[in-house]
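Visitor: I have a structure I would like to understand better, so I am pasting it below and will then ask my questions one at a time.
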Ligand SMILES: [Cu+2]
């Protein structure tokens, strides 16, 4: 029996310690100023992670051996989804831009008929891209700019 009493006593001590710690933490976590409260708010939002993607989505349709629309504009953090509506496979491959530096760096695998390929823009850039299977008709451009 003394061993059991010892265990019970230990559990009670742990529970009390837990409550004290919780009270102490509550006091600490309350922001002292409005500025601190503002700082703390975004951190809480990102940790919830219920909606990890917060950018815009731009859709490009691959149909009739062409990209529609031919030019897309997006901001860093936005996403492009290419959807293949043809009955042959396509891909999306950025080309070196003679007028500038290709910062997009995009090379998809083959996108099968009915399939799609998504790309989130992480860098600013302005690059022509093609489907390397049909490079004469499937030419387009992706322009990624910083959010102002
Ligand atoms: Cu193609």
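Visitor: At residue 53 and residue 116, where each label point lies 7 Å from the Cα along Cα→Cβ, what is the point-to-point distance in nanometres?
Guide: Computed distance between label sites residue 53 and residue 116 equals 0.7 nm.
Visitor: Tell me, in nm to one decimal, what length is gained between residue 79 and residue 63 on full extension, where the rule is 0.36 nm per residue of separation less the Cα-Cα distance?
Guide: Extending this stretch completely gives an extra 3.8 nm.
Visitor: Using the 10 angstrom Cβ neighbour count as an exposure proxy, how do 74, 65 rank, fewest first?
Guide: Lowest to highest Cβ neighbour count: 65, 74.
Throughout, read-outs are computed from the coordinates displayed, never taken from laboratory work. Because the structure is a prediction, the values reported are computed rather than measured. As a convention, Cβ positions derive from the backbone with ideal geometry for all residues, glycine included, and neighbour counts pool all protein chains shown.
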